Amino acid sequence: MKTSHRFDLAIQKLYSAFHNEQLHPECSMQCAVGNICDNHDAWKHLSDDHGSLQLNYVGMVHERIGRKFNGYTPTELLKIEAAFLQGCGYQLPLRHDNWKPLDPTNKNTLFNGLCSAVRMLCTLDGIRDVMDASKLFDYNKSEDDLEIVHCPL
């Protein structure tokens, strides 16, 4: 499958951050977008709240002049970060009174967040979800096939 240069770089950076313990959802330099943006936090000034999909004035100006950060528009960066945070189990936007995972640096939490971020990266580039294993096993996932079984205690 052919992927874009920006997609390949983003995946490499996220992979490296995950395995080098340099991924933290609550840090704007170590979150998904922080890592994509070379561990700089300038992207956080594009919206008023971490995890928000709403561009602020600064974000709208950058969007309108065609500014890109490592290949991604301000709107795309906000979508990637929101997907990552939701995948980690956060209520968006990040605020002290919204719920969040007990251990934000737990590997399972981070992996779930990365899977969501990678899905969003695939969507933005118009490619199939590289995290979807159903193709590998020749299986079509359907929620209608789920059967709930109640077991007596």
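If you count Lys pairs in the chain whose Cα atoms are under 27 Å apart, skipping same-chain pairs closer than 8 places in sequence, the total is 22. Its Cα centre serving as origin, the chain has a Cβ charge dipole (Lys and Arg +1, Asp and Glu -1) of approximately 520 debye.
Between Asp97 and Glu26, the modelled labels are 1.8 nm apart [label points 7 Å from Cα along Cα→Cβ]. If you take the alpha carbon atoms of the range 6-63 and fit the smallest convex hull around them, that volume is 77 Å³ per residue. For a label point 7 Å from the Cα of Val130 along Cα→C-beta, name the residues of the range 1-36 whose backbone N is under 18 Å from it. The answer is 1-20, 32-36. Counting neighbouring Cβ atoms within 10 Å and putting the fewest first, the residues Ile36, Ile127 line up as Ile127, Ile36. By the count of neighbouring beta-carbon atoms within 10 Å, fewest first, Phe18, Phe137 end up ordered Phe137, Phe18. Counting neighbouring beta carbons within 10 Å and listing from fewest to most, the residues Glu76, Glu21 come out as Glu21, Glu76. Dividing the Cα radius of gyration of the chain by its Kirkwood radius returns 1.02 for Rg/Rh. If you take the Cα centroid of the range 11-29 and the Cα centroid of the range 77-100, the two points sit 16 Å apart.
Readers should treat all values here as calculations from the given coordinates under stated rules, not as data from a laboratory. The shown structure was predicted, so the numbers you read here are calculated from the model rather than taken from an experiment. All Cβ positions, even for glycine, are placed from backbone atoms using ideal geometry, and neighbour counts span all protein chains on display.
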